[in-house]
1. Given 11, 79, 19, which one is buried (at least 19 other Cβ atoms within 10 Å of the Cβ), in contact with a strand residue (DSSP E or B) (Cβ under 7 Å, 6 or more places away or on another chain) and either modelled with pLDDT under 95 or closer than 20 Å to residue 184 by Cβ (or both)?
2. In contact with a strand residue (DSSP E or B) (Cβ under 6 Å, 6 or more places away or on another chain) and either assigned by TED's automatic domain parsing to the domain that holds residue 181 or under 30 Å from residue 185 (Cβ atoms) (or both): is that true of residue 124 in this structure?
3. Could you please give the count of residues in segment 34-56 that are in a loop (DSSP other than H, G, I, E, B) and at pLDDT below 95?
4. Working carefully through the options 166, 122, 109, 129, find the one that is part of a strand (DSSP E or B), touching a residue at least 60 places away in the same chain (Cβ under 8 Å) and surrounded by 15 or more Cβ atoms within 10 Å (Cβ to Cβ).
5. Evaluate segment 147-154: report whether one residue or more is at pLDDT 95 or above, out of contact with any helix residue (DSSP H, G or I) (no Cβ under 6 Å at 6 or more places or on another chain), part of a loop (DSSP other than H, G, I, E, B) and closer than 20 Å to residue 77 by Cα.
6. Residue 143 passes all but one of (1) in the same structural domain as residue 44 (by TED's automatic domain parsing); (2) surrounded by 14 or more Cβ atoms within 10 Å (Cβ to Cβ); (3) assigned to a strand (DSSP E or B); which number fails?
7. Considering only segment 265-295, state which residues are within 16 Å of the chain's Cα centre (by Cα) and in a loop (DSSP other than H, G, I, E, B).
8. Taking into account only those residues within segment 269-279 that are modelled with pLDDT of 95 or more and surrounded by fewer than 19 Cβ atoms within 10 Å (Cβ to Cβ), which is farthest from residue 73 (Cα to Cα)?
């Protein structure tokens with residue numbers, strides 16, 4: 001039995017995708033280890049498009065190329081299906097409506113010359129995303145991401161996938177910790193470190209849960225304005241009010257990020273999203289269990 005807490009936003013306003021899975025009675029890390037990659041030695045380079053700042057990658061599924069969102073914050077992948085298959089579970093969304101998702105092992109997901117075989121995924125009809133993204137195939141989560149090294153060049157929209165070490169001396173290793181398969185780092189604001197998830201499936205720059213200690217502190221120190229927008233969850237569309245401001249300087253190790261747009265709203269945990277890295281090359285170095293960046 002498992003419970004899934006899934007949030008996705010938006011429908012007509014900027015896209016933000018977050019999938020957070022809590023699997024009860026089933027180890028997330030064990031599911032993430034299922035499957036393999038073919039061939040054993042591989043390097044593949046391609047360009048990518050974005051929805052807002054979130055990567056959209058062409059993966060071949062069942063002989064058809066579909067567009068998949070790339071989401072480091074998703075513990076497992078999700079396959080778009082009109083109806084769920086496999087063992088199903090009714091999932092409660094943020095508005096207490098329910099959605100039925102199935103679970104499966106995906107025989108093959110292929111991008112270019114790299115094929116991921118027999119990886120675990122959930123499945124169901126993500127109608128909101130399907131309406132926004134043409135040929136929407138699903139979401140690429142940690143069940144696939146953790147099986148390769150990914151070099152994401154955001155300014156030039158280039159992606160390199162390999163089993164080889166892609167690092168060079170121009171990259172800086174950032175402080176990194178993996179918790180239940182999810183990637184976390186530590187940002188510094190005014191000399192104080194704060195743990196955040198690296199969620200490349202979020203189009204935010206920096207997002208904080210309302211009511212959190214850091215959110216309260218920043219609201220006192222900087223100017224924030226109310227912003228109203230629509231958010232899509234598996235429970236349907238809802239209108240939320242959030243606070244939007246700009247933090248003059250945030251550091252990750254020795255790398256400085258200036259004038260970081262910051263949102264405070266109902267969310268599960270502090271996060272830096274794909275827009276935070278818009279001027280960077282990000283290296284997800286799974287071979288050495290680390291993240292590296294360069295500006």
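The values are calculated or read from the model by the stated rules, or taken from the named source; none is laboratory data. This structure is a prediction, so every number in the text was calculated from the model and none was measured. Virtual Cβ from ideal backbone geometry, glycine too; neighbours counted across all protein chains shown.
1. Details: 11 fails: buried (at least 19 other Cβ atoms within 10 Å of the Cβ); 79 fails: either modelled with pLDDT under 95 or closer than 20 Å to residue 184 by Cβ (or both).
Just one listed residue meets the conditions, 19.
2. Working: in contact with a strand residue (DSSP E or B) (Cβ under 6 Å, 6 or more places away or on another chain): yes; either assigned by TED's automatic domain parsing to the domain that holds residue 181 or under 30 Å from residue 185 (Cβ atoms) (or both): no.
The answer is no for residue 124.
3. Let us first name the residues in segment 34-56 that are in a loop (DSSP other than H, G, I, E, B), namely 34-35, 39-42, 48, 52-53.
Add one more test, that the residue is at pLDDT below 95, and what stays is 52-53.
Of the residues in that region, 2 qualify.
4. On the way: 166 fails: part of a strand (DSSP E or B); 109 fails: touching a residue at least 60 places away in the same chain (Cβ under 8 Å); 129 fails: part of a strand (DSSP E or B).
So the residue among 166, 122, 109, 129 that is part of a strand (DSSP E or B), touching a residue at least 60 places away in the same chain (Cβ under 8 Å) and surrounded by 15 or more Cβ atoms within 10 Å (Cβ to Cβ) is 122.
5. Filtering segment 147-154 for residues at pLDDT 95 or above gives 147-154.
From the residues that got through so far, the ones that are out of contact with any helix residue (DSSP H, G or I) (no Cβ under 6 Å at 6 or more places or on another chain) too are 147-153.
Applying the additional criterion that residues be part of a loop (DSSP other than H, G, I, E, B) yields 147-148.
In the following step, the residues that additionally are closer than 20 Å to residue 77 by Cα were identified as 147-148.
Yes, segment 147-154 contains at least one residue that is at pLDDT 95 or above, out of contact with any helix residue (DSSP H, G or I) (no Cβ under 6 Å at 6 or more places or on another chain), part of a loop (DSSP other than H, G, I, E, B) and closer than 20 Å to residue 77 by Cα.
6. Result: residue 143 fails condition (3) only.
7. 267, 268, 269, 270, 278, 286
8. 279
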